[in-house]
Amino acid sequence: MQTEIQPRPAAPREETIYEHLCARGVSRREFLSFCAWMGACIGLEQSGVAQMVQALETRRRIPVVWLHFQECTCCSESFLRSSHPIVADILLDKISLDYTETLLAASGHQAEQCLRDTITKYRGEYLLCIEGSVPLAEDGVYCCIGGRTAKQIVEEVAADAKAIIAWGNCACSGCVQAAKPNPTVATPIHRVLGGKPIVNVQGCPPIAEVMAGVLVHLLTFDRIPQLDAHGRPKAFYSRRVHDTCYRRPNYDAGLFVESFDDENARKGYCLYKVGCRGPSTYNSCGTIRWNGGVSFPIQSGHPCIGCSEANFWDNGPFYQRLPNFPGFGIESTADRLGVAAVGAAAAGAAAHAVLTNIRKRAEIGEQPGENAERAEAKAGQP
């Protein structure tokens, strides 16, 4: 008696990002609005937005491993508390968060098994997101998870990652852990790992919509965004906070807050003299802002502390003004130039009169003393 061989059931097809969104109640209109809004955030033209729509409609969710080392989890907090209806759920809707110490339901050996399963099953396909710096002092004993040091973990997980995103100043620059004297030798990710594309999403914490924009760019174009010299996405870090600040006209006019309790503070004058680091800080705070685009630190009356720049903890007291900055006081400079121009014009007019007089005398053949002699002779006539 022969036994009939049953065909092996096909593996279930993984749903696409768009299908997963629809299953969670996101309408087509909301989906397209999100794509248009996110496309504007990352500087895409219309064809790029259409490409984003197609990518999110056809691609499955990308597996993600999200590691936490020396940090305060403010990057995750920022991401989870975005007020945008879709960005708020992007952690569940557009990426498959397979491992994270903060949000993972499992613990102990089960949690570690999730990590091993992900990096094995999706070898070369998963995205590695990292919060926090890696301590190298004392063989890394200042940050251990599951009996292994942060350095051992990040080197193992990064080996087969498709790309790496360093979230926040801790992972990008070391942040407060790396401030002098840096007792744990806290080290940013790009100095621990090599040979892998690393995107530095700076800030303490980064803006949630900036974090979402980086992920959506990876999902849409299957490559990391264009980066600046510090590894930051140019779409969000190409301009200084100073350049897009609504108080910039006051800076140009030389109108400054001298102390936080003076009348100028109530009038909303520039915060440069009370320590604002906006002129030396590259970020999107003045354009994307926080809390659903409602405000950002400068708008709330506090100077920028430069949290998206390296070593901002060691760049002097937060409320001490920067050294003189180029372009200081455009209107007062214009006034000085105006006075100089008037003086130059007067001197020019006088010089022109002298030269004209000499030229005319030369034309009639007179010497400078001839007019005086002629006048004396005329006076002596009867």
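No lab work stands behind these numbers, since they all come straight from the coordinates. Keep in mind that what you see is a predicted model, and the values were worked out from it rather than measured. Glycine also receives a Cβ, built like all others from the backbone with ideal geometry; neighbour counts cover every protein chain displayed.
Odds and ends about this structure:
- Multiplying the residue separation of R223 and I145 by 0.36 nm and subtracting their alpha-carbon distance yields 25.0 nm.
- Sorted ascending by nearby beta carbons within 10 Å, beginning with the fewest, C72, C22, C35 become C22, C72, C35.
- Nonlocal amide H pairs with T187, under 5 Å, H built at 1.01 Å: V134, L136
- Fewest-first ordering of E45, E131 by other beta carbons within 10 Å of each residue's beta carbon gives E45, E131.
- A simple packing score, the average count of other Cβ atoms within 10 Å per residue, orders the peptides 251-257, 27-33 as 251-257, 27-33, with the highest score first.
- Our summary of shape: the Cα atoms of region 166-237 have principal axis extents of 41, 27, 18 Å, ordered from largest down, in whole angstrom.
- Sorted ascending by nearby beta carbons within 10 Å, beginning with the fewest, F260, F296 become F260, F296.
- Multiplying the residue separation of A36 and A137 by 0.36 nm and subtracting their alpha-carbon distance yields 31.7 nm.
- Measuring between their Cα centroids, region 173-196 and region 259-297 lie 28 Å from each other.
- For L227, the residues 5 or more places off, or on other chains, whose built amide H falls under 5 Å of its own are K234.
- Label-to-label distance, E263 versus L103, with points set 7 angstrom from Cα along the beta-carbon direction: 5.1 nm.
- Hydrodynamic radius by Kirkwood, which averages 1/r over all alpha carbon pairs of region 45-84, in angstrom: 13.3
- Length released on extending from V185 to Q113, taking residue separation times 0.36 nm less the Cα-Cα span: 23.0 nm
- Tail weight of P(r) past 20 Å, computed on alpha-carbon pairs of region 109-243, percent: 49
- Sequentially through region 113-130, phi angles give Karplus couplings (6.51, -1.76, 1.60; θ = phi - 60°) of 5, 4, 5, 5, 5, 5, 6, 8, 5, 10, 4, x, 10, 7, 9, 9, 10, 10 Hz, Gly and Pro residues having no value and appearing as x.
- For R248 and E45, a Förster radius of 22 Å and the Cβ-Cβ distance give a FRET efficiency of 0.20, rounded to the nearest 0.05.
- The phi torsions of region 199-214, fed into the Karplus equation with coefficients 6.51, -1.76 and 1.60 and a -60° offset, translate into couplings of 9, 8, 9, 6, x, 9, x, x, 5, 4, 5, 5, 4, 5, x, 5 Hz, rounded to whole numbers, with Gly and Pro shown as x.
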